[in-house]
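Read the structure below first, then the notes.
Derivation of every value follows stated rules applied to the coordinates shown; laboratory data play no part. Values in this document were obtained by computation on a predicted structure and should not be read as measured data. So basically every Cβ, Gly included, is an ideal-geometry build from the backbone, and we count neighbours across all protein chains shown.
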Amino acid sequence: MGNEDVMPSESEWLIMEVLWESDMPLTSSAVIRKLEGRLDMTPKMIRVLMNRLCQKGILSHRVDEKDSRVYHYSVLKSKEECLKSKSRKFADSYFSGNQSSALASLIQSIVLTDEQICELEEILEKSKGKVKK
């Protein structure tokens with residue numbers, strides 16, 4: 001399985017949200033502070049998850065120039081990349097890879113406003129030119 005198939009778990013996703021919201025690399029201590037009250041996990045476990053995200057190729061880190069015990073973490077994969085991959089994986093896992101069935105199931109299970117329906121229609125219209133044959 002290549003790195004493009006390896007996505008964050010639910011707990012890792014919360015860590016990624018913090019990093020995606022930041023416009024610069026963060027230390028693990030900064031991430032832990034921002035997750036306070038949002039994730040019921042020890043600081044040590046959060047650091048373990050951040051290391052796993054690095055191993056998965058989703059995060060990278062560099063050692064602080066002044067203190068070699070401090071790492072600065074930055075994002076390698078955008079939220080959009082991860083969402084697309086998670087969506088494909090969802091369709092593969094629950095709908096035998098049938099993406100239109102997955103989408104139909106999702107749309108049928110929620111209430112949409114007229115504005116949201118118009119947005120979806122625009123997306124579908126744009127997608128017509130991208131059809132794989």
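Looking at M16, M45 in this structure, which one is assigned to a helix (DSSP H, G or I) and surrounded by 19 or more Cβ atoms within 10 Å (Cβ to Cβ)?
M16 is the lone residue from the list that is assigned to a helix (DSSP H, G or I) and surrounded by 19 or more Cβ atoms within 10 Å (Cβ to Cβ).
Got a sec? Which of S100, S109, S68, S78 is loosely packed, with under 13 Cβ neighbours inside 10 Å and touching a residue at least 24 places away in the same chain (Cβ under 8 Å)?
Checking each option against the conditions leaves just S78.
Filter region 19-42 down to the residues that are within 15 Å of L59 (Cα to Cα), assigned to a helix (DSSP H, G or I) and β-branched (V, I, T) and list them by number.
The answer is V31, and nothing else.
Which of (1) assigned to a helix (DSSP H, G or I); (2) in contact with a strand residue (DSSP E or B) (Cβ under 8 Å, 6 or more places away or on another chain) is the odd one out, the single condition S74 does not satisfy?
The number of the failed condition is (1).
Which condition number in (1) surrounded by 16 or more Cβ atoms within 10 Å (Cβ to Cβ); (2) free of Cβ contacts under 8 Å to residues at least 24 places away in the same chain; (3) assigned to a helix (DSSP H, G or I) is the one that M50 fails?
(2)
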